[in-house]
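Engineer: Here's a structure for you.
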Amino acid sequence: MYNLLPLYFSDVKKRIKCAQIEKAITAIEKGITLIQNYKNSLISDVVTGKVDVRHVAVESIEEEPEEELVDEELIESEKVQG
């Protein structure tokens with residue numbers, strides 16, 4: 001009997017932790033859904049003219065040049081074959 005008690009409490013602790021994690025995941029998913037709904041609503045309001053954004057200044061964004069995704073080994077093998 002005494003040997004099974006630590007296993008029981010270990011199982012209970014795991015279940016409590018799992019329940020806490022599931023509760024946190026549910027809350028995060030709910031928050032994500034609310035943000036997505038807000039985003040969609042805002043886009044709709046801007047497109048239909050319910051929200052005037054003409055006065056909003058947009059910061060210029062410097063785009064970083066795209067890195068060429070080239071496999072160096074492929075280049076070397078083409079040089080050897082070519």
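Taken together, the values in this text are just the output of simple stated rules run on the coordinates, not laboratory data. Predicted model only: the values in this text are computed from it and were never measured. No Cβ is skipped: glycine too gets one built from the backbone with ideal geometry, and neighbour counts run over all protein chains shown.
Engineer: Residues with amide H under 5 Å of Val51's amide H, sequence separation 5 or more or different chain, H placed in the peptide plane at 1.01 Å from N; which?
Structural biologist: Those lying under 5 Å, H to H, from Val51 are Val46.
Engineer: Here's a follow-up. Identify all lysines with a Cα-Cα distance to Lys50 below 29 Å; exclude those on the same chain that are fewer than 8 residues away in sequence.
Structural biologist: Hits, sequence-local ones excluded: Lys30, Lys39.
Engineer: Once the piece of chain linking Glu63 and Lys39 is laid out straight, how much longer is it, given 0.36 nm per residue of separation minus the C-alpha distance between them?
Structural biologist: Extra length from Glu63 to Lys39 when fully extended: 6.2 nm.
Engineer: Would you mind getting the Kirkwood hydrodynamic radius of segment 1-50 from its Cα pairs, rounded to one decimal in Å?
Structural biologist: Across segment 1-50, the inverse of the average 1/r is 14.2 Å.
Engineer: Compute the signed sum of charges (Lys and Arg +1, Asp and Glu -1) over the other residues within less than 14 Å, Cβ to Cβ, of Lys17.
Structural biologist: Around Lys17, the surrounding residues sum to +2.
Engineer: To continue, here is another question. Fully extended, how many nm does the chain gain between Phe9 and Lys23 (0.36 nm per residue separation, minus their Cα-Cα distance)?
Structural biologist: 3.0 nm is the gain from fully extending Phe9 to Lys23.
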